[in-house]
Amino acid sequence: MHALKKNRPLRRIVLASAATVSGTVMLLSLKPHTPPTVVTADAKSPSVSGGTAPGGTASKSRAVTGDTVQTRWGPVQVRVTIENGRVTDVTAVQYPQDNPRDQEINSYALPQLRREVLAAQSARIDMVSGATYTSTGYQQSLQSALDSAGL
């Protein structure tokens, strides 16, 4: 009988065990996605700031922070500035930025979402392709802020 054709069950058991242990170690060494640190803000109470418009007339300006929406990649929260019943500014307070891919996606998605809101003056905005989760969270947080503001 040839040396390579001999039945060697012990060798197969050792190789299978080594492969299993190696695979398990590699699987356990993967780092899971961790949520970014959360900025603490009271999402239920709107922050109100008043100002004076040019010409001496008082303008009704206030900033309202929407609810924090948990998405697959992290929390999303927006703050809306409303002046005389119109949305004048939208700022993302929290958004996924835990890894370079999140930062890349949100660097182009957030300005587009802001433009959409300022043009639509509502939460009925188009999603940004490639940033579906962020767009959905942005829209939901925006709607909660607008609801709190009474718009």
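Brief remarks follow.
- Based on the Stokes-Einstein relation at 25 °C and a viscosity of 0.890 mPa s, and on the Kirkwood radius from alpha carbon pairs, the range 110-151 is assigned a translational diffusion coefficient of 238 µm²/s.
- Peptide packing: for 84-92, 17-25, 109-117, the average count of neighbouring Cβ atoms within 10 Å per residue gives the ranking 109-117, 84-92, 17-25, highest mean first.
- Evaluated at q = 0.24 Å⁻¹: base-10 log I(q)/I(0), Debye formula over Cα of the range 61-108: -0.84
- With both labels modelled 7 Å from their Cα along Cα-to-Cβ, the LEU10 to ASP89 distance reads 7.7 nm.
- For ASP67, the residues 5 or more places off, or on other chains, whose built amide H falls under 5 Å of its own are SER144, ALA145.
- Share of Cα-Cα pairs in the range 75-133 lying beyond 13 Å, as whole percent: 62
- In sequence order, calculated HN-Hα J values of the range 115-120 (Karplus, 6.51, -1.76, 1.60; Hz; x Gly/Pro): 4, 4, 5, 5, 6, 7
- Pair THR136, ALA18: separation of 7 Å Cα→Cβ label points (nm): 4.6
Rule-based calculations on the coordinates, nothing more; no lab input. What you see is a predicted model; the values in this text were computed from it and never measured. Neighbour counts are summed over all protein chains in view; Cβ atoms, including those assigned to glycine, are modelled from backbone coordinates with ideal geometry.
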